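Here the structure comes first, spelled out in structure tokens, and everything after it is commentary.
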């Protein structure tokens, strides 16, 4: 889901014509996925994800470390910094690419890292995402505390972007937002993609009226989206379509999301190895995201497989959306519920939107096209940016 899919497909397509290596964190339960990436990697180094830091340690870091606690709390790892440095020493790489801002800490001010071109691939700017959440949710002392945290996060994250040789983002909107804060950044847009062969256009396999949402719920905006939908939109929908069902698919649902399954018409799956059977169960895919940033690849997968999407404007950010032609956009509960109801009951609308959405994905969002864009950006860098390794020789 999301970022790991981007990384997997970039490895897959780049490995055809280039030497590619990967340094990554892993959890024990993720070891079964190693064989799927090994064939693409010249060198594969896996570092155990460090245990989440205690509140006391987070408080200590706040006063003693220049690295924001958002990064240290889940990904603070001297071992990863050493691993990346060792890989660059061993092989003369043209680039080191940090996928996710949180991984940029191992390129930024890493005294062990030899000279090399550094690229920041920003799936989501943490400062902007946290700032949106801060404006939305925080009150009182918590709001004051978060304001202090955000100030440090903004400085560190944008220093990291400035010191990179290139910044990659997923959407033109993402580029615009970063340049508004830091106009001197060198940014290229490299679009998300979808595997149009594996996510093949399919008809309805189930007769039930079901809606589906897919996400990693350890990423708070996804959990918030489900809770917002259940609290504000679901009651409206159930009053109109009592037989409707809701599938909440993806890893890490917090207790408040798991509890939704007490309603027999709601299924919370937890982690699944393949989202396609669940996408096919639904007639409508929803993306009621209110917080965060970046790009929702899950929308592209739903479009590819032939499931029309109802989304907030934020959820569909970066997608060339045409209202009621390839998507339905709705930013309040009434409009959202109406959009889902229309797709459940109007077969002509259902067919028009899903057919146009599949066409959009095929034309603009194949992985091969996205990787070619990225390849062009890197080749241009090779011509215009001298190798730091040669300069240091």
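The values are calculated or read from the model by the stated rules, or taken from the named source; none is laboratory data. The model shown is predicted, which means the values in this text are computed figures rather than measured ones. Ideal geometry is used to build each Cβ from the backbone, glycine not excepted, and the neighbour counts take in all protein chains shown.
Could you tell me whether residue 281 is assigned by TED's automatic domain parsing to the domain that holds residue 354 and at pLDDT 95 or above? Spelling it out, it is not the case that residue 281 is assigned by TED's automatic domain parsing to the domain that holds residue 354 and at pLDDT 95 or above. Of the helices (runs of 4 or more DSSP H) lying entirely inside the stretch 340-393, those containing at least 2 residues that are within 26 Å of the chain's Cα centre (by Cα) and surrounded by fewer than 17 Cβ atoms within 10 Å (Cβ to Cβ) span 347-364, 367-384. Please enumerate the residues belonging to the stretch 230-257 that are out of contact with any helix residue (DSSP H, G or I) (no Cβ under 8 Å at 6 or more places or on another chain), surrounded by 14 or more Cβ atoms within 10 Å (Cβ to Cβ) and on the phi < 0 side of the Ramachandran plot. Passing the criteria: 234, 238, 245, 251. Restricting the first residue to the stretch 21-35 and requiring it to be touching a residue at least 60 places away in the same chain (Cβ under 8 Å), which pairs with a second residue that is in a helix (DSSP H, G or I) and surrounded by 13 or more Cβ atoms within 10 Å (Cβ to Cβ) meet a Cβ separation below 8 Å and a spacing of at least six or different chains? Qualifying pairs under 8 Å: 21/87; 23/80; 23/83; 23/84; 23/87.
If you go through the stretch 147-177 and keep only what is in contact with a strand residue (DSSP E or B) (Cβ under 8 Å, 6 or more places away or on another chain), part of a helix (DSSP H, G or I) and surrounded by fewer than 21 Cβ atoms within 10 Å (Cβ to Cβ), you end up with 163, 172, 175.
Of the helices (runs of 4 or more DSSP H) entirely within the stretch 193-266, those holding at least 1 residues that are within 18 Å of residue 333 (Cβ to Cβ), in contact (Cβ under 8 Å) with a residue 24 or more places away in the chain and in contact with a strand residue (DSSP E or B) (Cβ under 9 Å, 6 or more places away or on another chain) occupy 220-228, 234-240. Please tell me if residue 114 is modelled with pLDDT of 90 or more and assigned to a loop (DSSP other than H, G, I, E, B). Criteria met by residue 114. Quick check: is even one residue across the stretch 3-25 modelled with pLDDT under 90, assigned to a strand (DSSP E or B) and either crowded, with 17+ Cβ neighbours inside 10 Å or in the same structural domain as residue 87 (by TED's automatic domain parsing) (or both)? No.
Matching residues to (1) surrounded by fewer than 19 Cβ atoms within 10 Å (Cβ to Cβ); (2) modelled with pLDDT under 95:
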{"site": "78", "(1), (2)": "yes, yes"}
{"site": "84", "(1), (2)": "no, no"}
{"site": "96", "(1), (2)": "no, no"}
{"site": "101", "(1), (2)": "no, yes"}
{"site": "119", "(1), (2)": "no, no"}
{"site": "124", "(1), (2)": "no, yes"}
{"site": "127", "(1), (2)": "no, yes"}
{"site": "134", "(1), (2)": "yes, yes"}
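One residue alone among 317, 301 is under 14 Å from residue 354 (Cβ atoms) and in contact with a helix residue (DSSP H, G or I) (Cβ under 9 Å, 6 or more places away or on another chain), and that residue is 301.
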